[in-house]
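See below for the structure under consideration.
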Amino acid sequence: MKKFLKVVGWSLVAIVALAIVGYGLASWVSSNRYGRQWTAHDVSFPIPFPLTDTEIAALRDERLAAGAPADDPLAGPDLGAIALERAIARGERTVRSRLGCAGCHGANFGGQALIDDPMVGRWIAPNITTGQGSVTIGYTAANWDRAVRHGLRRDGRTSSMPSVDFLNLSDRELSDIVAYIRSKPAVDGDPGKVEFGPVFNVVLALGKLKLMAAFDIDHMAPHAVEPPQAAATEEFGAHLVQACRGCHARNLSGGKLAGDPAMPVVANLTPHETGLKAWTEADFMRALRDGRRPDGSAISEFMPWKAYANMSDTEIRAMWVYLRTVPPVEKGNR
């Protein structure tokens, strides 16, 4: 009996030792991934974009109609101020109808802890205003590019930004977003740093949780200067649907999200029997406008349909056109 207990005891010691070594290895791997240094292209764009020739021509016609001098109808207005005003308006609409930045960074964009649990860890969305404690103080266009479209911190290390959703934003759209964010009241404060608890360390080390978009992005791929023309086309729809892939998966098959078990099962957006095969455009429009499925049941507000309700009919139809072209995939086959 003593020999048996001795064997059991040593076995337990060995198991504990292996667990400690395994956890130490997981911590090292996850820390290295989060601390990895990346090289990305150096992008520059104006903030805001200047008025286009078409906008200037329209403004000239407006001024002439209002009685401005025919020899110099644009002598009065500040074209730079007008460009900024329009950029802020476009940026606000993009943020509030398509990207849902406030969902992570807070209604005032001052940042917040999205997850704060000793076992899981702390997942932080930083302050992005112009206030003290913001990570964007002194940001250039290149810094914004790397942060939003590449998932990289100022020093080039991996960040927690879900940039796969935003990597196809055009330079103009990103410029508009920056102009809008900068126009908001400064918020002082730092919500803290990302910290890995045991759960995050293990799942990140095993690659089970896609929280580091930098590993899935081509950091040298060029970005479009202008977005596709707003029309109910496959091209414009693909541009808009990119923001859905973070939750609905790269192939849009939906299913259970890794991480918090309280998160709902995400819908399959592909034309599969377990997805949207039986849906009509009207059904899709109702889902995004009213948060209702074809059978009338309510869609969880985890799905930001209230934000998407602010999209235009053209934008929603373009998304629908594109979603009908993607390969059908069984739900959850991420």
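The values are calculated or read from the model by the stated rules, or taken from the named source; none is laboratory data. Small disclaimer: the values here were computed from a predicted structure and weren't measured. Neighbour counts are summed over all protein chains in view; Cβ atoms, including those assigned to glycine, are modelled from backbone coordinates with ideal geometry. Quick note on the areas: whole protein, heavy atoms, side chains included, nothing else; ligands and nucleic acids left out. Shrake-Rupley method; radii C 1.70, N 1.55, O 1.52, S 1.80 Å.
At-a-glance table
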read-out	value
Residues located in the range 71-81, provided they are open to solvent by less than 90 Å² (accessible area, probe 1.4 Å) and at pLDDT below 90	72, 73, 74, 75, 76, 77
Where a residue in the range 94-107 is closer than 10 Å to residue 307 by Cβ and in contact (Cβ under 8 Å) with a residue 12 or more places away in the chain and its partner, wherever it lies, is in a loop (DSSP other than H, G, I, E, B) and of a type in the set (S, T, N, Q), with Cβ under 8 Å and at least six apart	96/310; 97/310
Given (1) in contact (Cβ under 8 Å) with a residue 12 or more places away in the chain; (2) surrounded by fewer than 21 Cβ atoms within 10 Å (Cβ to Cβ), number of the condition residue 214 does not satisfy	(2)
Residues of the range 168-207 that turn out to be open to solvent by less than 20 Å² (accessible area, probe 1.4 Å), polar (S, T, N, Q) and over 16 Å from the mean Cα position of the chain (by Cα), as a count	1
Any hit, the range 232-249, residues being open to solvent by 30 Å² or more (accessible area, probe 1.4 Å), touching a Ser or Thr at 6+ places or on another chain (Cβ under 7 Å) and small (Gly, Ala, Ser)	yes
Out of 100, 91, 35, 110, sole residue that is surrounded by 14 or more Cβ atoms within 10 Å (Cβ to Cβ), modelled with pLDDT under 90, of a type outside the set (Asp, Glu) and closer than 22 Å to residue 139 by Cα	100
Single residue of 293, 289, 324 found to be open to solvent by 40 Å² or more (accessible area, probe 1.4 Å), within 19 Å of residue 242 (Cβ to Cβ) and either under 20 Å from the mean Cα position of the chain (by Cα) or among the basic types (Lys, Arg) (or both)	324
Filtered residue count, the range 61-70, keeping only those that are surrounded by 16 or more Cβ atoms within 10 Å (Cβ to Cβ) and either outside any loop (DSSP other than H, G, I, E, B) or touching a residue at least 24 places away in the same chain (Cβ under 8 Å) (or both)	1
Odd one out for residue 332, checked against (1) open to solvent by less than 60 Å² (accessible area, probe 1.4 Å); (2) assigned to a loop (DSSP other than H, G, I, E, B); (3) modelled with pLDDT of 95 or more	(3)
